[in-house]
1. Can you pull the percent of region 111-163's accessible area that's carbon plus sulfur, 1.4 Å probe, other chains left in place?
2. Report the full-extension gain for the segment N80 to Q202: residue separation times 0.36 nm, less the Cα-Cα distance, to one decimal in nm.
3. What does the accessible area per residue of region 28-209 come to in Å², with a 1.4 Å probe and no ligands, DNA or RNA counted?
4. Apply the Debye scattering formula to region 28-209, with a single equal point scatterer on each alpha-carbon and no solvent, then give log10 I(q)/I(0) at q = 0.12, 0.20 Å⁻¹.
5. What distance in nm lies between label points placed 7 Å from Cα along the C-beta direction at N156 and A101?
6. From the helices alone, meaning DSSP H stretches of at least four residues, give me the mean residue ellipticity at 222 nm for the chain, per-run term -39500 (n - 2.57), in deg cm²/dmol to the nearest 500.
7. Taking the Cα atoms of region 87-149, report the difference between the largest and smallest coordinate on each principal axis, in whole Å and largest first.
8. Compute from the Cα atoms of region 152-194 the Rg and the Dmax, the latter being the longest Cα-Cα distance, and quote both in angstrom.
Amino acid sequence: MIRRLTAVALAAGLALVTSGTAHAAVTLSSGHADAIDVDWTGSALTLDVRDDTVVPGADRDPSTVTLNAVSASRTTVPSNSSYAFLGSPGSPVWILPQSQANGVLWAGFSTEGVPTGVLQGNALTVKLVSVTGPAGFSVFTTSSFGTPTVWFDSGNGLPDSRSFAVNTHAHANWAFEAAGTYTAVFEVTATQAAGGAVTTGQKTYTFTVQP
């Protein structure tokens, strides 16, 4: 009987590892992942990393994921003054891009797991609480005319907050101003439609940037 129970437990453990809720430690360096993936589970907001580099996709605890900016993500700061938040023109910057690029991680934002009607205004707030690392970290979008809109920027003081509608899937540029390891703390908050604040709590993300 003990041997049979052990076999059942082993099978259950293997099923967990291969399911969409696996939490094994991974490094993501290319392909698609929603770095900020917000879901509504029961009566709570949850924040995880949606890893679509595996089939089926997996929801991963941010503490188990390293998001890696490979050497191919290195570029230079444009001369346009609107990009001054990235540093001096021509200086190196590593960017996980808004548009998909081969061999580089495509990191998005998703609130598709939050149904309409559960939150006031059908909206929630993503907050960048703190960042530690060798240099500045920012998240911004670029319009079709090349104009940036900054969402989060560690260089001008934190926390920074941005509102997102539920059922949203979006992409932005994730920028790092030097190679090395960065730790970013995010939190998502909202107010329930029936009243009462909800939060995911603070989640720690690790980014590695290759020279």
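The values are calculated or read from the model by the stated rules, or taken from the named source; none is laboratory data. Only a predicted model underlies this, so the values are computations on that prediction, with no experimental measurement involved. Cβ placement follows ideal geometry from the backbone for every residue including glycine, while neighbour counts extend to all protein chains displayed. We work out accessible area using only protein heavy atoms, side chains counted, and drop any ligands, DNA or RNA first. Shrake-Rupley method; radii C 1.70, N 1.55, O 1.52, S 1.80 Å.
1. Of all accessible area on region 111-163, carbon and sulfur atoms account for 49 percent.
2. 40.4 nm
3. In whole numbers, region 28-209 has 41 Å² accessible per residue.
4. Taken in order of the listed q values, log10 I(q)/I(0) reads -0.55, -1.44.
5. 2.4
6. -2500 deg cm²/dmol
7. Between the extreme Cα coordinates on each principal axis of region 87-149 lie 47, 28, 25 Å.
8. 13.8, 45
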